[in-house]
Amino acid sequence: MSLYLEALTKHYQVGSERIVALWGVTLEIPSGEFVVILGPSGSGKTTLLNLIGGLEAADSGRIEVDGQDVTRLTEPDLMRYRRYKVGLVFQFFNLIPSLTALENVALAAQLVGAQARDPRQVLEWVGLGDKIDRYPGQLSGGQQQRVAIARALVKNPALVLGDEPTGSLDSHTGRDVLSLMYRLNREHGQMFAVVTHNAAISTIAHRVVHLRDGKIVDVQCNPNPANPADLEW
């Protein structure tokens, strides 16, 4: 799974004001990398994830995932791309309140069939093995975030996109979740692209992309990424 972005541009119209979220973003990420995207609020980080995840369309440019041009996909093909190839973890958990933690994760597993991991096992991975029968309203914000992470990972996607996936977790749980992502990346070759404000997390990445004002201002490659267990938050 490789990722190539070429001259991506995206703007939003707010009343009479034209706001440029991304401008000419070009980036190549080799197969199996763990990538961290850093930048201040309003730099275009979330917009970039939305475009890669097929949630929004770019105004211009190209997104190539594993040789497939996502920007040219029809809506049915785009739906299959989001379902089978991409796991999404965003700041809003979007859990179904009438379903338990296990049912929320199992529903995502059912969508991809034989490709999926075991929902109970994935909830164990994120430290919620004893909370599988709880409804979202019975879980803390951090626990709901872990259910959302489990829901993305259970699909066993080739590409996992995370917008502040550890933002509502305490340091101990955050390290555990990052350690899981680290292991899946190293052992199974899943690509992770994670937006964060926590610069410490960038030390576990193969590549750190710095965004500012909708443009890439720096890309740092790390030949010796740290283990999440050694992070100081």
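Values for this structure:
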quantity	calculated
Degrees separating the helix 101-112 axis from the principal Cα axis of the chain, which is the longest one	50 degrees
Degrees separating the helix 141-153 axis from the principal Cα axis of the chain, which is the longest one	70 degrees
The stretch 54-170: radius of gyration and largest Cα-Cα distance (Dmax), Å	15.0, 47
³J(HN,Hα) computed for each position of the stretch 122-136 - Karplus, 6.51 cos²θ - 1.76 cosθ + 1.60, integer Hz, glycine/proline x	5, 5, 5, 4, 8, x, 10, x, 9, 10, 5, 9, 7, 8, x
Hits among lysines - C-alpha to C-alpha of LYS131 under 21 Å, sequence gap 8 or more where chains match	LYS155
Cβ-based net charge around GLY24, under 14 Å, with every Lys or Arg adding one and every Asp or Glu removing one	+1
From phi via Karplus (6.51, -1.76, 1.60), per-residue ³J(HN,Hα) for the stretch 37-46 in Hz, x at Gly/Pro	10, 10, x, x, 4, x, 7, x, 4, 5
Computed P(r) (all Cα pairs; the stretch 28-80; 10 Å bins; percent)	21, 50, 27, 2
Counting DSSP beta bridges with both ends in the chain, the antiparallel % (nearest 5)	55 percent
Long-range amide H partners of ARG212 with built H, under 5 Å	VAL217
From phi via Karplus (6.51, -1.76, 1.60), per-residue ³J(HN,Hα) for the stretch 182-197 in Hz, x at Gly/Pro	4, 5, 5, 5, 6, 8, 10, x, 5, 7, 10, 10, 10, 8, 7, 9
Unit charges at the beta carbon, dipole of the stretch 3-230: most positive-side option, GLY162, VAL122, SER31	VAL122
Projected label distance in nm at ARG72 and ARG134, using a 7 Å step from Cα toward the beta-carbon	4.8 nm
Under 9 Å, Cβ to Cβ, from GLN143 - net charge with Lys/Arg +1 and Asp/Glu -1	+3
Cα centroid separation - the stretch 202-233 against the stretch 145-179, whole Å	17 Å
Residue among VAL65, VAL20, VAL209 with the largest mean-square fluctuation in a Gaussian network model of the chain, springs linking Cα atoms under 10 Å	VAL20
Cut-off 13 Å between beta-carbons: net charge of the residues surrounding ASP170, Lys and Arg +1, Asp and Glu -1	+1
Spin-label model distance (nm) - GLU187 vs GLN115, 7 Å beyond Cα toward Cβ	2.1 nm
For VAL194, distant residues with modelled amide H under 5 Å away	VAL35, VAL36, ILE37, GLY162
Highest-fluctuation residue, ALA200, ALA116, ALA21 considered, GNM on the chain with Cα pairs under 10 Å	ALA200
Kirkwood hydrodynamic radius of the stretch 1-94, from inverse mean 1/r over distinct Cα pairs, in Å	14.1 Å
In degrees, nearest ten, helix 75-84 long axis to first principal axis of the chain (Cα)	50 degrees
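Every read-out reported here was derived from the displayed coordinates using simple, explicitly stated rules and does not represent laboratory data. Just so we're clear, the structure is a prediction, and the values are computed from it rather than from any experiment. In this analysis, Cβ positions are derived from the backbone assuming ideal geometry, glycine residues included, and neighbour counts consider all displayed protein chains.
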